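Visitor: My questions all concern the structure below.
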There are 2 protein chains.
Amino acid sequence: MRYCSSCGASVSLQTPPGDDRPRFVCGDCATIHYQNPRIITGCIPEWEDSVLLCRRAIEPRHGLWTLPAGFMENGETTAEGAVRETLEEANARVEVLGPFAVFDIPRINQVYLLFRARLLDTDFSPGAESLEVQLFREAEIPWSELAFPVIERVLPLYYEDLRLGAFAWHTGVIRQRRLPDNTNGADASKS
Amino acid sequence: MRYCSSCGASVSLQTPPGDDRPRFVCGDCATIHYQNPRIITGCIPEWEDSVLLCRRAIEPRHGLWTLPAGFMENGETTAEGAVRETLEEANARVEVLGPFAVFDIPRINQVYLLFRARLLDTDFSPGAESLEVQLFREAEIPWSELAFPVIERVLPLYYEDLRLGAFAWHTGVIRQRRLPDNTNGADASKS
């Protein structure tokens, strides 16, 4: 951030009176531009004994598999965002069953909110941001080709709960950085 | 938003190619400025059979009671933010016990994340944004003077779970607008 979005003057990093951390403050109109974490909302779409994954057509992690999820938009609820992302990425219609996980990724200022959801039909196909969309049984999950550590953490929790026959809420923090893209995710570090 | 925070040129609302909603787009450098919901993180601080509430010294809802909570900051986890806000607003130290509620407020692009927490001592006092900080037993809660609908929804859920002896995760959506400030919150609408 270099310029004030309100008046166009230059901003600088300074700690406002009464605050305890530097913010971008306009040198002209004195507007304080706060920056806050963003929510990634998505779901685990279930169909019989399978879940739906999307193979990413975009960076980061082009070519790797993930759950349908994306940035929550203004004006929607977290569950509405999860339904919308699933429609956009997989052309799939889901009914949200309940919340499943909240994972913090403080390194990149993101909070993941993932729901369990039921696919309403199997008429799905890749959206603009997906190369492929596919149902996987547990034994078929491409563990070494998952796009993000949060997905590597959440899917095992899902299968544990499935075996227990009771779904809990799960929380966690992803601390570690993934290895560079050229490892193709096969040696992903976990936190 | 009127100016691009990257280059200082004027922005206009337009729907970028491949997008489905208007964004602020720079007419010069073409940067798309996304705007997303923000997270309010906070807690229900427990001490024996009481919870700690703060009477607000700031608008909105000056003079009304709320749980310690505030905007999550970059670089922290949701639980760290809840601990920080409790320290800032009530000079109180807490240990987070677990997640309790996720409430969407799409009208104002906020998502509340509230934890249960245990006060570590009773050496608390009003922070800069509080007029008073006080422990309340259930029968003493100032129901007609609570600052926000989300607090009116969450505290009864907390007491229900307390009676059941088991704490669940709760989710909800706050749809309705509060009555104007001059009602002093006594006739708050609930969704």
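Throughout, read-outs are computed from the coordinates displayed, never taken from laboratory work. Everything numeric here is computed off the predicted structure, so don't read it as measured data. For neighbour counting, all protein chains shown are included, and Cβ atoms are generated from backbone atoms with ideal geometry for every residue, glycine included.
Visitor: Scan around residue B:117 for amide H atoms under 5 Å from its own, H built in the peptide plane at 1.01 Å from N, and keep only partners 5 or more places away or cross-chain.
Guide: B:44, B:46, B:97
Visitor: Right, here's the next one. From the phi angles alone, apply the Karplus equation (6.51, -1.76, 1.60; θ = phi - 60°) to segment B:49-59 and give each ³J(HN,Hα) in whole Hz, x where the residue is Gly or Pro.
Guide: Whole-Hz 3J(HN,Hα) from phi for segment B:49-59: 9, 10, 10, 9, 10, 10, 8, 6, 9, 10, 7.
Visitor: Exposure proxy check: A:144, A:5, B:125 ranked by fewest other beta carbons within 10 Å? Walk me through the numbers on the way to the answer.
Guide: Values: A:144 13, A:5 21, B:125 10.
Result, fewest neighbours first: B:125, A:144, A:5.
Visitor: To one decimal in nm, how far is residue B:2 from the same spot in the other copies, if labels go 7 Å from Cα toward Cβ? Please give the shortest first.
Guide: Its label point is 2.1 nm from the equivalent points in the other copies.
Visitor: Using θ = phi - 60° and the Karplus relation 6.51 cos²θ - 1.76 cosθ + 1.60, list the HN-Hα couplings for segment B:126-131 in order, rounded to whole Hz, with x at every Gly or Pro.
Guide: Per-residue couplings from phi come out as x, x, 4, 9, 10, 8 Hz.
Visitor: Can I ask one more? Using the Kirkwood formula over every pair of different C-alpha atoms, what hydrodynamic radius in Å results for segment B:82-167?
Guide: Details: mean 1/r = 0.0700 Å⁻¹.
This gives a value of 14.3 Å.
Visitor: For a bin width of 10 Å, list the pair-distance distribution of chain A built from all Cα-Cα distances, rounded to whole %.
Guide: 9, 31, 31, 16, 10, 2
Visitor: Still on this structure, I have one more. Please determine, in degrees from 0 to 90 and to the nearest 10, the orientation of helix B:78-90 with respect to the longest principal axis defined by the Cα atoms of chain B, where the helix direction is its Cα long axis.
Guide: The angle comes out near 60 degrees.
Visitor: Non-local amide H neighbours of residue B:132 (under 5 Å, H modeled in plane, Pro and chain starts lacking H): which ones?
Guide: B:55
Visitor: At a 10 Å Cβ-Cβ cut-off, how would you order B:43, B:29, A:26, fewest neighbours first? All intermediate terms of the calculation are to be shown ahead of the outcome.
Guide: Numbers: B:43 30, B:29 11, A:26 19.
Sorted ascending by nearby Cβ count, the order is B:29, A:26, B:43.
Visitor: Follow-up. Give me the distance in nm between label points sitting 7 Å out from Cα along the Cα-to-Cβ direction at residue A:32 and residue B:110, one decimal.
Guide: If labels sit at residue A:32 and residue B:110, their model points lie 1.6 nm apart.
Visitor: Something else: Extent of segment A:1-99 along each principal axis, from alpha carbon coordinates, in Å, largest to smallest?
Guide: 58, 29, 23
Visitor: Return the FRET efficiency for the residue pair residue B:74, residue A:143: r is the Cβ-Cβ distance, R0 is 41 Å, and the value is rounded to the nearest 0.05.
Guide: Details: r = 31 Å, r/R0 = 0.76.
E between residue B:74 and residue A:143, to the nearest 0.05, is 0.85.
Visitor: Okay, next question. Rounded to the nearest 10 degrees, what's the angle between the helix A:149-164 long axis and the longest principal axis of chain A, both from Cα atoms, 0 to 90?
Guide: 40 degrees
Visitor: If you plug each phi of segment A:9-23 into the Karplus form 6.51 cos²θ - 1.76 cosθ + 1.60 with θ = phi - 60°, what whole-Hz ³J(HN,Hα) values come out, in order, with x for Gly and Pro?
Guide: 6, 6, 10, 9, 7, 8, 8, x, x, x, 9, 10, 8, x, 10
Visitor: If you don't mind, another one. What shape does segment B:45-97 have by the C-alpha gyration tensor, where a ≥ b ≥ c are the square roots of the eigenvalues, rounded means a/c under 1.5, and otherwise prolate means a/b greater than b/c and oblate the rest?
Guide: Working: a/c = 2.44, a/b = 1.11, b/c = 2.20.
Oblate, because a/c is 1.5 or more while a/b does not exceed b/c.
Visitor: Using the count of nearby Cβ atoms within 10 Å as a rough guide to exposure, how do B:56, B:163 rank from fewest to most?
Guide: Numbers: B:56 20, B:163 9.
Exposure proxy ranking, most exposed first: B:163, B:56.
Visitor: Per residue of B:97-106, what is the mean number of Cβ atoms on other protein chains within 10 angstrom of that residue's Cβ? Kindly include the intermediate steps, with their values, before the conclusion.
Guide: On the way: counts 0, 2, 5, 1, 0, 7, 2, 9, 1, 9.
Taking the mean over all residues of the peptide, I get 4.
Visitor: Now for a separate question. Hey, for a label at residue A:123 modelled as a point 7 Å past Cα toward Cβ, could you say which residues of segment A:85-110 have their backbone N under 13 Å away?
Guide: Once the point is set 7 Å along Cα→Cβ of residue A:123, A:91-94 turn out to lie under 13 Å by backbone N, inside segment A:85-110.
Visitor: Let me ask something additional. For the protein assembly as shown, what does the alpha-carbon gyration tensor say about shape, rounded, prolate or oblate, given a ≥ b ≥ c as the root eigenvalues, a/c under 1.5 as rounded, and a/b over b/c as prolate? It would help to have the intermediate numbers written out before the result.
Guide: Details: a/c = 1.81, a/b = 1.22, b/c = 1.48.
Oblate shape, in that a/c is at least 1.5 and b/c is the bigger or equal ratio.
Visitor: To continue, here is another question. Just counting partner chain Cβ atoms within 10 Å, what average do the residues of peptide B:2-14 show around their Cβ?
Guide: Going residue by residue through B:2-14 and averaging, the value is 4.
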